[in-house]
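Here the structure is laid out as structure tokens; the discussion comes afterwards.
The values are calculated or read from the model by the stated rules, or taken from the named source; none is laboratory data. Given the structure is predicted, the values throughout are model-derived calculations rather than measurements. In this analysis, Cβ positions are derived from the backbone assuming ideal geometry, glycine residues included, and neighbour counts consider all displayed protein chains. Calculation scope for accessible area: heavy atoms of the full protein, side chains included, ligands and nucleic acids excluded. Shrake-Rupley method; radii C 1.70, N 1.55, O 1.52, S 1.80 Å.
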Amino acid sequence: MTIRRIGLSALAVAIALVFAFPTYWMFTSSIKPRGEVLSTSYDLVPSAVTLENYTTALFGSDFLRYLGNSLLVTLTAVACSLVAGTLAALAMSRFRFRGRKGFLMLVLVAQMVPFEALMVPMFLFMRDLGLLNKLPALILVYWITTLPFTIWSLRGFIDGIPIDLEEAAMVDGCSRAEAFRRVTLPLLGPGLVATSVFAFITAWNEFLYALVLMRSEDLQTLPVFLKTFQTAFGTDWGATMASATLFTLPVLVFFLIVQRKMVSGITAGAVKG
């Protein structure tokens, strides 16, 4: 048993290192001098360290403006998705009505459709609404793309909460809405955290819609910003890696903060959903 445990632990560490190495490469490349970034030999430990690339990314460009756009559209879309998804998931879990199974299947199919397949109809839809080159267009797109997963995921979490708790609260005088707010919603916390993390990552990393729908550079997001270091004279890989590191940092910090609740939420959804 001990040998097996050691073997499994070693395998887990090896897999973790494989997945972590690209991030380590990105970070070490961001602190290397520009001449060493394009070197044919790669050193695991940089021989020289510089913050020039971060200075270029932060102060030699409009990084903060792109960051503000990304935070605005992502947080707004995730918040809207959580509100609408929670209400829809509650209806799917607690009520029985005609067409319920068909709606759930439609939600699953919508989750399986590639983003690229929706590009042309989404572009025409935004054009007809007069939302092209406006941030509400991205908010609406990210809301639409994250909503199916939110509904499907939260439905599993709500199914894992006994309905008897809500009924007991209503017997004590609570309305259905009050029973949900006081009983179900607090127990749904881990599920909301896990779902919001996945929705946040999906919207935060999205590139294609931000590039196509936002024609003005003032309204584009961080994924699009990363390509600004590519010019006709070449690519500034040091600044690109520094920007990518800064781009990854908010998601990493947020994940570390909510890691425990996220893991418990995923486990609860897997077991009880």
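Descriptive notes on the structure:
- Cα long-axis angle, helix 237-257 against the chain (0 to 90 degrees, to the nearest 10): 30
- Model label zone, E167; criterion: amide N under 14 Å from point 7 Å along Cα-to-beta-carbon; scope segment 173-205: none
- Between helix 189-204 and the chain there is an angle of about 40 degrees, using the helix long axis and the longest principal axis of the Cα atoms.
- Surface per residue (accessible, 1.4 Å probe) for the chain, Å²: 58
- For segment 20-136, diffusion coefficient by Stokes-Einstein and Kirkwood Rh (Cα), 20 °C, 1.002 mPa s, µm²/s: 110
- C-alpha long axis of helix 135-159 to longest principal axis of the chain, angle in °: 50
- Förster radius 22 Å - calculated FRET efficiency between A84 and L187, Cβ distance, rounded to 0.05: 0.65
- Once both labels are positioned 7 Å from their Cα atoms along Cα-to-Cβ, the gap between R100 and T23 label points is 4.0 nm.
- Taking each DSSP H run with n ≥ 4 as -39500 (n - 2.57) and averaging over every residue of the chain yields -23000 deg cm²/dmol at 222 nm.
- With R₀ fixed at 22 Å, the C-beta to C-beta distance from S41 to T235 puts the FRET efficiency at about 0.65.
- Comparing L185, L226, L138 in a Gaussian network model of the chain, where Cα atoms under 10 Å apart are tied by springs, the biggest mean-square fluctuation is seen for L185.
- Loop-located trypsin sites (Lys or Arg not before Pro) in segment 80-163 (DSSP state not H, G, I, E or B) with no more than 12 neighbouring Cβ atoms inside 10 Å: R96, R98.
- By the compact-protein rule of thumb, 2.2 N^0.38 Å, the alpha-carbon radius of gyration of the chain corresponds to a ratio of 1.22.
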